[in-house]
Amino acid sequence: MKDQRGSVTVIAVVMLLFLMIIAVAWLPMLTTEKTAAASDYREQQAWYAAEAGYKRAVAALENKNNDWGWITKDADIQTSNFLHLGLDRGKVDQEKIWYAVGIMKDALDLSGTSEDNVAYQITSVGSCQGIRKVIRKVYTLGDNGESGGGGSGGEETLDLPGLVQAGGTVTVKNSNNTILGDIYGSDKEDQSGDKHFNNGNNWQGNYTGTLKTKLPDNIFDKSFYKDIKTLDVLPVNNNEPFILGEKEQIYIDWPIGFYKDEWNQGKKWEYQIRGGQGSVLFINCPKNNNSIDLTNSIIGPSSGEPLTLVFNGDVIIRTPLQGNIRIFVKGSVKLDSSNSGNPTSSEELLMVMANGDIDMARPWGLASGKRYAFLSSNANVVLENSCNNFCGQIQAQGDVTIWSSVIEYSNKVLKSAGFTVPKGMN
């Protein structure tokens with residue numbers, strides 16, 4: 001009996017040890033789940049705060065208010081200066097849930113009584129314990145706040161803190177790189193010999209927010225664009241520009257009509273594209289993994305809502321890009337360096353979002369003090385050697401590789417009206 005009682009004791013001790021091991025193994029998982037749940041809660045509360053601010057602005061405009069002492073100047077929103085809200089410096093984001101709203105008319109902060117049939121740019125910033133969300137829309141009295149967003153509807157803004165946000169490894173390859181801005185990623189590798197990460201000036205570690213990089217399938221469905229027109233033949237000759245009017249939406253099955261390029265098997269677009277504010281050109285790309293090749297210039301509006309190009313396949317862009325342009329790609333996109341073009345206005349903004357890889361192989365940045373870009377990939381982003389003077393922001397679900405000689409932070413694109421992203425991204 002004594003031996004049996006001893007065996008029971010040993011078994012009990014072993015079971016207790018086993019349960020302790022399981023408990024210790026579960027602790028990190030429980031901590032991670034708790035952190036993720038807390039982060040999701042803060043993000044949701046920040047969205048609610050931003051929506052509350054936006055709805056307050058719409059209500060005030062509809063009521064024809066003339067007291068705008070509660071709104072925030074656009075310059076303060078751009079610089080994240082919210083001290084006028086009564087929040088202590090250094091404690092702005094610690095505990096409180098708050099919103100700040102800016103309303104602009106004709107590029108000026110709103111004053112006086114609101115008017116019918118006038119477009120107002122509303123920017124609402126919501127914050128909860130350090131996480132901020134932004135809603136930016138163009139609202140016209142009488143349209144229930146659904147205007148804006150490039151004319152396609154169902155869009156929201158992104159607010160990213162750093163120069164690079166990556167779910168994978170950020171690699172710097174070229175020597176003598178100038179990197180000005182914060183870099184976030186799951187891992188880092190510096191092959192340049194310039195110790196960009198070792199000195200701690202750029203590397204911020206893992207990105208703690210949620211990367212939204214996957215474009216939803218609905219924006220690559222023609223039925224998503226309620227006012228879109230289908231063209232069977234291009235109404236231009238080779239030496240004429242293809243022009244889209246303001247807010248105009250056009251769908252093209254490529255190759256189109258008799259303008260098929262026989263030498264390139266219908267994959268080359270040889271026409272200049274010009275788009276008015278808020279216009280959309282949807283090109284159904286060649287099948288069988290063939291990419292369409294754009295070889296003539298693309299010119300968006302010099303100000304205001306951009307021209308939006310939508311490709312439901314892969315695309316190669318060899319042509320100059322000028323003005324304000326958004327590009328949504330279901331596959332991969334390469335911006336070739338063969339013909340970058342020169343800026344045509346005091347400021348040019350480019351947004352490129354792809355579910356595949358982005359290969360940026362052209363100059364685009366502050367060489368002339370006029371260009372800003374935002375790149376977003378659900379896969380990987382590469383800035384080639386030829387992509388000197390990149391100025392803007394990058395996010396990628398995968399890896400980011402930097403060959404570029406100069407890469408500098410600017411949130412100009414994501415802060416500009418019309419450069420919204422489709423809702424439903426994850």
Fill in the blank from the handout: Rounded to the nearest 10 Å², the 1.4 Å probe accessible area of Ser39 is 20 Å²
Problem - Spin-label pair Ile97/Asn206, simplified geometry with 7 Å Cα→Cβ offset, distance in nm - result: 2.6 nm
Completion exercise
Scoring only Lys, Arg, Asp and Glu (+1, +1, -1, -1) among other residues with Cβ under 12 Å from the Cβ of Tyr48 yields +1
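Show Tyr54, Tyr99 ordered by accessible area, largest first, where the area counts protein heavy atoms only and the probe is 1.4 Å.
From most exposed to least exposed: Tyr99, Tyr54.
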Fill in the blank from the handout: Ordering Val400, Val58 by the accessible surface of their heavy atoms, 1.4 Å probe, largest first, yields Val58, Val400
Fill in the blank from the handout: 1/(1 + (r/R0)^6) with r = Cβ-Cβ of Leu231 and Lys173, R0 = 45 Å, i.e. FRET efficiency to nearest 0.05, evaluates to 0.55
Handout entry: Accessible surface of Ser80 - all protein chains present, 1.4 Å probe, nearest 10 Å²
Key = 60 Å²
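The values are calculated or read from the model by the stated rules, or taken from the named source; none is laboratory data. Everything numeric in this text was worked out from a predicted model, so none of it was measured. Cβ atoms come from the backbone with ideal geometry, glycine included; neighbour counts cover every protein chain shown. The area values use the complete protein model at the heavy-atom level, side chains included, leaving out ligands, DNA and RNA. Shrake-Rupley method; radii C 1.70, N 1.55, O 1.52, S 1.80 Å.
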